1. Among 1, 104, 76, rank each residue by its count of other Cβ atoms within 10 Å, from fewest to most, as a rough exposure measure.
2. Given the -39500 (n - 2.57) contribution per DSSP H run of 4+ residues, what per-residue ellipticity at 222 nm results for the chain, rounded to the nearest 500 deg cm²/dmol?
3. Where in the stretch 1-22 is the amide nitrogen less than 20 Å from a point lying 7 Å along the Cα-to-Cβ axis of residue 60?
4. Tell me, 29, 105 in order of fewest to most beta-carbon neighbours within 10 Å?
5. Rounding to the nearest 10 and keeping the result within 0 to 90°, find how far the Cα-based axis of helix 3-16 lies from the longest principal axis of the chain.
6. Each label point is 7 Å from the Cα along the Cα-to-Cβ direction; what then is the distance between the points at residue 2 and residue 90, in nm?
7. Let me know the volume per residue of the alpha-carbon convex hull for the stretch 1-57, in Å³.
8. Relative contact order for the chain: what is it in percent, counting Cα pairs under 8 Å that are at least 6 residues apart?
C-alpha cells in the first residue's frame, strides 16, 4: 500500500470513531510523491513538513478533557496519546505535542527508519 492510501485509510478509520483530523505531518519524500490534488484530501487540517509521516487527531474526552493522538502513517500501527484539561493553555498543549513528535521521531531513528516501520519501537 502506498503512503497516500495509508493516509486515506487512517483518516477514514479515525473519523468513523469520532476523531477529527487536525494536522498532517509529511516527510519531504512523501510530499514529493503526492500530487497537488492529494493534499486537498486533508480538508482544513494544517499540513506540516516533518521528518516522519504522521497524523494528529483530536476529540472530546471524559470529564471535559480533549484527547489528542499522534498516529504514525506506516504498515505497523504505532501511536502516542495525551489528554488535555479544557482550561490548559494552548502554549502548554503545543509544548506537549512537540515533545510527543520528538519522542516518536527518536524511536523511529533508533530503529533506523523514518519511513514508518516501528517494529523495533517497543518501549
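Bear in mind these aren't lab numbers, they're just calculated from the coordinates by the rules spelled out. These figures come from a predicted structure and were not determined experimentally. FYI the Cβ positions are ideal-geometry reconstructions off the backbone, even for glycines, and counts take in every protein chain you see.
1. Details: 1 8, 104 23, 76 11.
Ascending Cβ contact count within 10 Å gives the list 1, 76, 104.
2. -11500 deg cm²/dmol
3. 14-22
4. Values: 29 11, 105 17.
Result, fewest neighbours first: 29, 105.
5. 30
6. According to this spin-label approximation, the distance is 3.6 nm.
7. On the way: hull volume 4.1 nm³, N = 57.
Cα convex hull per residue, to the nearest whole number: 72 Å³.
8. Values: 180 pairs, mean separation 25.5, N = 123.
It rounds to 21 percent for the chain.
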